[in-house]
Structures are given as structure tokens and as C-alpha cells.
Amino acid sequence: MHSLEKLIESRQAQVGIVGLGYVGLPLAVEFAGAGLRVIGFDMQPAKVDSVNSGVSYIGDVPDERLVPLTKSGRLRATNNLSDLGQCDAICICVPTPLDKNKTPDISYVAGTADTIAQNLRDGQLIVLESTTYPGTTEEIILPRLTATGRTVGKDFYLAFSPERIDPGRKDFTTANTPKVVGGVTPQCTELAAALYSTFNPRVHRVSSPRVAEMEKLLENIFRLVNVSMINEMALLADRLGVDIWEVIEAASTKPYGFMPFYPGPGLGGHCIPIDPFYLSWKAKEVNFSPRFIELAGEINDMMPHYVTTKVIVALNRQKKCVNGSKILVLGVSYKKDVEDVREAPAVHIIKELWRKFALVTYCDPHVRSLSIGGRSVERVEFTDEALREADCVLILTDHTAFDFDRVAEKSRLIVDTRNAITRRDLSHVYHL
Ligand SMILES: NC(=O)c1ccc[n+]([C@@H]2O[C@H](COP(=O)([O-])OP(=O)(O)OC[C@H]3O[C@@H](n4cnc5c(N)ncnc54)[C@H](O)[C@@H]3O)[C@@H](O)[C@H]2O)c1
């Protein structure tokens, strides 16, 4: 048995997690919970302090889970990247955003690879988890590590294993969603598989990092394309005077060959609106234009504008104009029951409403403050008074905490982008 495998199996291995965000912190907790010693690295001192004091800032990681791990010393956080040299295995969970021209910003991955290279020692396993285009592991990370004079598969090991976490989801988590692993060499794959097997019983091996990188993008593109398709259907159904929600409910009775996707105010979060463009960027290198991705992106980008128009039309029916109207936005995070507002459609919609001189407030039990372009949005509590005062209540996120019967009863006018209000006999409710 390989010496690293022995260390992993006997739980003597020390694992480093670079980037303690939505992906990195849950992963660190899983490894530590499985009995491994974990060092979490983050450049934000506030996150480091928070982890070390057993206070979680990620909804999926309750403090009760974190505290025993930090207290026992199984998990500690630091921003001192030279401690990377102490780790037997290192998982990279840093951001992979797009720049303003929708070009991949791979600088976090490259920067982390440079730091790992400076601290590299023989026998280490490096796994990239950040979502990225096929080729990143071998084109960005590998050359930086081999420049130290070491050979992959012999002196160090390198693999890609995508994180598939769906924040807020309870049934499938980091621990029980199968882990896909693709190493640069077969030994790299086996060591990465051994590492993840410490907490996840289902590891699926693929032949290369490229396959693992692309499968993650396929998952996200599948979702992007289908959500955008149903959004387009919603726009058409509206013009045809057909209730798209009823159409989807009926289609969903087919026991095979159909899978429901639901329209909404636009896609959000750090994955679906961003990751597919990593693939379309890479495709240009081989002179290929992936049209589904571009088209889906266009439709998705239209949705916030469509929702704003829907608010204007609804107000108009009540002989009101958007200028000076009080709009209460219910839910600003990009999806139900999470606190993440990255790329959230609410941000674009509120901006557009502001441009039309609406007076916008928001209510979201998960989002304590919201600032858009340096301007803060006034937060209100979920009260009858707040609902009654608004000229229009705009439902953007159907958080479980909202009582939608109460919303329907107390509000004067509602635009519901999530079918949160299922009744169809209310003339003051407009659905997407
Ligand atoms: N959020 C999700 O639902 C999700 C799901 C699957 C995959 N992913 C992918 O995982 C990756 C990370 O996403 P996330 O949502 O966890 O991001 P995040 O922004 O929540 O966390 C990233 C963390 O990395 C830290 N960081 C950045 N550069 C660093 C460096 N050089 N050294 C140490 N720390 C550094 C940041 O301070 C931040 O805390 C991305 O590629 C993303 O696409 C995210």
C-alpha cells in the first residue's frame, strides 16, 4: 500500500483546505469529522478567526458541528500559507469567477498553485475542487508543480474532483453526493479516491482530470439550459394567456422522459450563471461555438428585465406608476433558504426599479443587509404592516419562513415569480 494511502487509512494524514467558503468549510468539516487532522487556509482573517472560535458563517455548517472539531484540535484555520508544507493532501476550493467580459478569472487557482509549489514536498497529493474549464489542472497547476523539479505520479500527486454541493439542500450534501475523481496518473486517481472515501462511500473514478472538469460543467450547463428553456416557455405562455405552472404540473405526470424545471426571476449563485462560460471560453480555443450556452445565457439575462416590466404592468392596472411606488421585495438571496446573494436576480431587479424611481425595501430572514453599487437597500421585517404599506409586493425567493397565505391576504398587489401563491382566484396576484 502506498505510504499516503496508509496515512489516510490510519487517519494520520493531515489535510489542507485552501479557501474556506461555501465549498471549503463543509469539506473541511467532513474530513475532520472522519478523523483526519485538517488545516483550513483562507486569506480573510475574519473567516479564520470565526472558524477558530467555532462560529460558522455557512448555513450548511451548524456551530454544533464545528465546535467539537475546533476544540479537539482536529480542525484549525490559518492565513499562513507556509503551513501548506505540513499537509499530506491539499484540496483547492478557491473562487473561479468571470471578469466583466465573461472571461474566466483563473488567478485564484494560479496564485494558489504558485503558493503550493513554493511549499511543495515529496509525497503530497493536490486536488483541485474549484469548478473550471477542462484542462485547468494540467495546464495551470501541473506546470507550476513540475517546475519544482518533481515528477507527477512519483514525487507528488495531482487530481481534479469537482464539488457538487447544493447549498441549503439537506438530502444530498458533501458527505453523500458521489465524488467524481480524475487524476493525472492512475496512482493520483487512487490516492484522491482514498482521500474522499474517508467520508464519502461513493467515489466515481474517471480517466483524467479533463473528464472530471467537464462533467461538472455538463451538470451545470444541463441546469442552465433547462431553466432558461422553461423561462422562455414562461414568456411565451404569458403571451398566449396560458398558466405555465399548470402546464409544468401536467407535464410532470409523465412517468418517464420529462423532468420538471421551473421558471423564475433569473438564475443566481456562484455556479449556474458563471461556470458554463468557462466552457464556452475554452471552446473558442478549438474554434467551436457552444450555442446552447450562449442562448441560455441570453434568455436568463432577460428575466430580471421581464420581471421589472411585470411589476410596471401590474401597477399600471391599479392606475399607479412605478415612479414613487413602494415595492417590497420578498426574498433577495438567489434561491430558497440560503443567505447567498451572489449574482442574485434581486440585485439586477432592484437596480432597474431604482432607475425607474421606485422606493424599494426588502424582507429576507437570511440576508441581514444588502448593498447594491454602494447604496444600501432598506430592510424591513415580515409584518402585516409592511405588506399592507407596499404598493406592490414582489416575491423573488420563496423562503420557507414566509407565510404566503398571509402575503396573499395582507398585500394590495403581488407579483409572484415563484408560484409561491398557488391560488388562482385572487385578482391582485400576478404570476410569472
Ligand atoms: N457555492 C457553491 O454552491 C459551489 C458548488 C460547487 C462548486 N463551487 C465552486 O467551488 C469554488 C469555490 O466556491 P465557493 O462558493 O466556496 O467560493 P467562496 O467565495 O464562498 O469561498 C472561496 C474562499 O476562498 C478564499 N480564498 C481566495 N483566494 C485564496 C487564497 N489564495 N488562499 C486562501 N484562500 C483564498 C476566499 O477568501 C473565500 O473565503 C468555485 O470554483 C465554485 O465555482 C461552488
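A few points about this structure:
- Search result, residues across segment 1-28 that are within 16 Å of the ligand (Cβ to nearest atom), on the phi < 0 side of the Ramachandran plot and touching a residue at least 60 places away in the same chain (Cβ under 8 Å): Val15, Gly16, Ile17, Val18, Leu20, Gly21, Tyr22, Val23, Gly24, Pro26, Leu27
- When Arg412, Arg418, Arg406, Arg375 are checked against the criterion of being modelled with pLDDT of 95 or more, charged (D, E, K, R), surrounded by 20 or more Cβ atoms within 10 Å (Cβ to Cβ) and out of contact with any His (no Cβ under 6 Å at 6 or more places or on another chain), Arg418 stands alone in meeting it.
- Residue match in segment 82-100 (condition: at pLDDT below 95, closer than 28 Å to Ala193 by Cβ and of a type in the set (A, V, I, L, M)): no
- Picking from residues in segment 299-328 that are within 20 Å of the chain's Cα centre (by Cα) and of a type outside the set (A, V, I, L, M, F, W, C), the one that is nearest to the ligand (Cβ to nearest atom) is Asn300.
- Here is the figure for segment 110-123: residues that are aliphatic (A, V, I, L, M) and away from the ligand (no atom under 12 Å from the Cβ) total 2.
- Cross-chain or 6+ apart pairs with Cβ under 7 Å, segment 291-304 first and in the same structural domain as Tyr278 (by TED's automatic domain parsing) and free of Cβ contacts under 8 Å to residues at least 24 places away in the same chain, then part of a helix (DSSP H, G or I) and surrounded by 15 or more Cβ atoms within 10 Å (Cβ to Cβ): Glu294/Ser280
- If the condition is being touching a strand residue (DSSP E or B) at 6+ places or on another chain (Cβ under 6 Å) and of a type outside the set (Ser, Thr, Tyr), then segment 121-140 contributes Gln124, Leu125, Ile126, Val127, Leu128, Glu129.
- Checked against the criteria, Tyr108 counts as among the aromatic types (Phe, Trp, Tyr) and surrounded by fewer than 20 Cβ atoms within 10 Å (Cβ to Cβ).
- For segment 1-41, filtering for residues that are among the hydroxyl-bearing types (Ser, Thr, Tyr) and either within 24 Å of Val341 (Cβ to Cβ) or at pLDDT below 95 (or both) leaves 2.
Table: residues versus (1) closer than 23 Å to Val181 by Cα; (2) within 10 Å of the ligand (Cβ to nearest atom).
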| residue | (1), (2) |
| --- | --- |
| Leu81 | no, yes |
| Ala89 | yes, no |
| Ile92 | yes, yes |
| Thr96 | yes, yes |
| Asn101 | no, no |
| Tyr108 | yes, yes |
| Leu125 | yes, no |
| Thr132 | yes, yes |
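- Candidates Ile230, Ile244 - the one that is of a type in the set (A, V, I, L, M), closer than 30 Å to Val347 by Cβ and without any contact (Cβ under 8 Å) to a residue 60 or more places away in the chain: Ile230
- Val23 passes every criterion in (1) of a type in the set (A, V, I, L, M); (2) surrounded by fewer than 17 Cβ atoms within 10 Å (Cβ to Cβ); (3) closer than 18 Å to Ser130 by Cα apart from (2).
- Just one of the listed residues (Ser197, Ser161, Ser208) is over 18 Å from Cys91 (Cβ atoms) and either buried (at least 16 other Cβ atoms within 10 Å of the Cβ) or hydrophobic (A, V, I, L, M, F, W, C) (or both), namely Ser208.
- Lys6 fulfils the conditions (1) farther than 14 Å from Thr198 by Cβ; (2) loosely packed, with under 15 Cβ neighbours inside 10 Å except for a single criterion, (1).
- Given (1) near the ligand (Cβ under 10 Å from one of its atoms); (2) of a type outside the set (S, T, N, Q); (3) crowded, with 21+ Cβ neighbours inside 10 Å, number of the condition Leu66 does not satisfy: (1)
- Pair list, Cβ < 8 Å and 6+ apart or interchain, from segment 32-59 residues that are aromatic (Phe, Trp, Tyr) to residues that are within 10 Å of the ligand (Cβ to nearest atom) and part of a loop (DSSP other than H, G, I, E, B): Phe41/Gly19; Phe41/Leu20; Phe41/Asn79
- All conditions but one from (1) aromatic (Phe, Trp, Tyr); (2) at pLDDT 95 or above; (3) within 16 Å of the ligand (Cβ to nearest atom) apply to Phe277; the one that does not is (2).
The values are calculated or read from the model by the stated rules, or taken from the named source; none is laboratory data. This structure is a prediction, so every number in the text was calculated from the model and none was measured. Here the Cβ is made from the backbone with ideal geometry for all residues, glycine too, and neighbour counts use every protein chain on show.
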